[in-house]
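Q: Sharing a structure here in structure tokens format.
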Amino acid sequence: MKARNILLACSVAFLSGELGAQVQVENPSVKKDRREVEVRFDIRDMPEYARSRQKVVLRPYLHSGTDTLWLEPAQLYGKNRFRRERQEHFLAGNKEWTLTGYNVFLKGGTLEYSERVPYELWMKEAGLGIAYHTEGCGCECCGGDQGVPVGPVYVAPVPEVTPVEPSAKNFEVVEARKRWVFKEKDMKVFFPVSKTVLNPDAYNNKVTLDEIMAGIRKIGDMEKLRLQGVEITGFASPEGGLSLNTRLGAGRAAALKEYIRGEMPELRDEDFVLVNGVENWDGLRALVAASNMEYKDEVLAILDDSTLGSGRKAALMNLKNGKPYRYMLKEFYPELRNACYVSVFYDVLADKVADAVNAANELIRAGKYAEALKSLEAYKNDDRVFNSIGVCYMMMEEEEIAIEWFEKAIKAGHAEAEKNLKQLK
């Protein structure tokens, strides 16, 4: 008869909809906190269907796809149920028994549930569920399972990275003694026949000299270039004797050097390299090749014949009774009487760390955190990389390591790291 009454009571409760009533959950939250997930919610009242003689057992759990993690259960006691179990424990010799933890008698109170579990990747989009059943009703129909709406478990931080300005004090050589050569056509600094005196106001030399000085100054003034020296190669036209041409080539290079030093007194003797090009056969060949002169192919054949050596000049003078030679003497040789090749040697400087941080920040903006972190590995002892390294770890969800780097960055005076750190604490 008793069993029949219990079954009847369950049936009445079911028909009235009481068993369909869910547990009233307030303030639910599932949030990632560093390497843990914190689950929180409050329950202020017993479910409506629960009777004083019963207790409701709650089994919270996280779930995502096929993954499930059961959390610490909670038990909500009705008044008579609490008294009954307390009496049972007392009779069993456990006189100090009382409700602790998540075992509560809710009359006038609140269950504040808060559990932390180790974070796993599948939990990033996990949901919260609560399975529940009632004990003390005499049947197995008093239970259910409900989903609890919560926001995203993991909200990606917004990384704060700022450009690093290159600093001259941190410059180092990345390319040594690069050569910059002025175009030959722009470098026609003419000298009188058989003379080494440089006259800036003759032969339109002033225009060319101004261009040379502007080029040298430009390199000297560029922050990321360091002037290492000036090389001047002096030539004479090939029509004179070798001894005279040797003297002319050296003297003309020296004359151009003194002019440059007069314009830039800060340059020292050791900043110059003078090269005596002697006879400008290469320049002559270039002029012949670009011309439509008579017997052009024959002249080029002589100029290209390395076996002639010092006999090249005689071969040109004897070709076609000297006709092409006389033409070149008039049309080409005046143009070859110059100190025409000026090369500037310079080092390319860079603040490697600043460049590396700025490149890494672009990778961070593109979401390539592991690649950015790898690119900064070589510079991890420079405080300018601390924040960017911290951001990489933060975005890869290695919060503890990220915090260490942010704290180092803040200590070194990098304010942007404070904004990142606040997102983790």
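Q: From GLU231, GLU211, GLU165, which residue is of a type outside the set (Phe, Trp, Tyr), buried (at least 16 other Cβ atoms within 10 Å of the Cβ) and not assigned by TED's automatic domain parsing to the domain that holds VAL57?
A: After ruling out the rest, the residue left standing is GLU231.
Q: Moving on. Could you please find all residues in region 179-215 being under 51 Å from the mean Cα position of the chain (by Cα), among the β-branched types (Val, Ile, Thr) and modelled with pLDDT under 85?
A: If the condition is that a residue be under 51 Å from the mean Cα position of the chain (by Cα), among the β-branched types (Val, Ile, Thr) and modelled with pLDDT under 85, then VAL181, VAL189 are the ones that fit.
Q: Looking only at region 349-406, which residues are within 30 Å of MET123 (Cβ to Cβ) and either touching a strand residue (DSSP E or B) at 6+ places or on another chain (Cβ under 6 Å) or outside any helix (DSSP H, G or I) (or both)?
A: If the condition is that a residue be within 30 Å of MET123 (Cβ to Cβ) and either touching a strand residue (DSSP E or B) at 6+ places or on another chain (Cβ under 6 Å) or outside any helix (DSSP H, G or I) (or both), then ALA366, GLY367, LYS368, MET396, GLU397, GLU398 are the ones that fit.
Q: I'd like the full set of residues that are at pLDDT 90 or above and of a type in the set (D, E, K, R), limited to region 282-325.
A: Within region 282-325, ARG285, GLU294, LYS296, ASP297, GLU298, ASP304, ASP305, LYS320, LYS323 qualify.
Q: Given LEU336, LEU319, LEU287, which one is surrounded by fewer than 18 Cβ atoms within 10 Å (Cβ to Cβ), of a type in the set (A, V, I, L, M, F, W, C) and in the same structural domain as ASP210 (by TED's automatic domain parsing)? Please lay out each step first, then the result.
A: Details: LEU336 fails: surrounded by fewer than 18 Cβ atoms within 10 Å (Cβ to Cβ); LEU319 fails: in the same structural domain as ASP210 (by TED's automatic domain parsing).
Unique residue meeting the criteria: LEU287.
Q: Looking only at residues in region 386-425 that are among the hydrophobic types (A, V, I, L, M, F, W, C) and more than 22 Å from SER375 (Cβ to Cβ), which one is surrounded by the most Cβ atoms within 10 Å (Cβ to Cβ)?
A: Of the residues in region 386-425, the ones among the hydrophobic types (A, V, I, L, M, F, W, C) are 386, 389, 391-392, 394-396, 401-403, 405-406, 409-410, 412, 415, 417, 421, 424.
Checking which are more than 22 Å from SER375 (Cβ to Cβ) leaves us with 410, 415, 421, 424.
On the way: ILE410: 18, ALA415: 11, LEU421: 20, LEU424: 15.
If we take residues in region 386-425 being among the hydrophobic types (A, V, I, L, M, F, W, C) and more than 22 Å from SER375 (Cβ to Cβ), then LEU421 is surrounded by the most Cβ atoms within 10 Å (Cβ to Cβ).
Q: Could you check how many residues of region 234-258 are surrounded by fewer than 22 Cβ atoms within 10 Å (Cβ to Cβ) and outside any helix (DSSP H, G or I)?
A: Residues meeting the conditions: 3.
Q: On to the next question. I need the full set of residues from region 196-208 which are without any contact (Cβ under 8 Å) to a residue 40 or more places away in the chain and under 15 Å from ALA255 (Cα atoms), in order please.
A: Applying the first criterion (without any contact (Cβ under 8 Å) to a residue 40 or more places away in the chain) to region 196-208 yields 199, 201-208.
Those that are without any contact (Cβ under 8 Å) to a residue 40 or more places away in the chain and under 15 Å from ALA255 (Cα atoms): ASN199, ASP201, ALA202, ASN205, LYS206, THR208.
Q: A further question follows. Has region 54-71 got any residue that is out of contact with any Gly (no Cβ under 7 Å at 6 or more places or on another chain), in a loop (DSSP other than H, G, I, E, B) and modelled with pLDDT of 95 or more?
A: yes
Q: Could I ask something else about it? If ALA359 satisfies every condition in (1) small (Gly, Ala, Ser); (2) within 20 Å of the chain's Cα centre (by Cα); (3) more than 30 Å from LYS178 (Cβ to Cβ) but one, which is the exception?
A: Of the numbered conditions (1) small (Gly, Ala, Ser); (2) within 20 Å of the chain's Cα centre (by Cα); (3) more than 30 Å from LYS178 (Cβ to Cβ), the odd one out for ALA359 is (3).
Q: Within region 90-179, which strands (runs of 3 or more DSSP E) (wholly inside it) include 1 or more residues that are more than 30 Å from ASP42 (Cα to Cα), in contact (Cβ under 8 Å) with a residue 40 or more places away in the chain and not acidic (Asp, Glu)? Walk me through it before giving the result.
A: On the way: elements: 103-105, 111-118, 127-135, 143-148.
Fully inside region 90-179 and qualifying: nothing.
The values are calculated or read from the model by the stated rules, or taken from the named source; none is laboratory data. All values derive from a computational prediction rather than experimental measurement. So basically every Cβ, Gly included, is an ideal-geometry build from the backbone, and we count neighbours across all protein chains shown.
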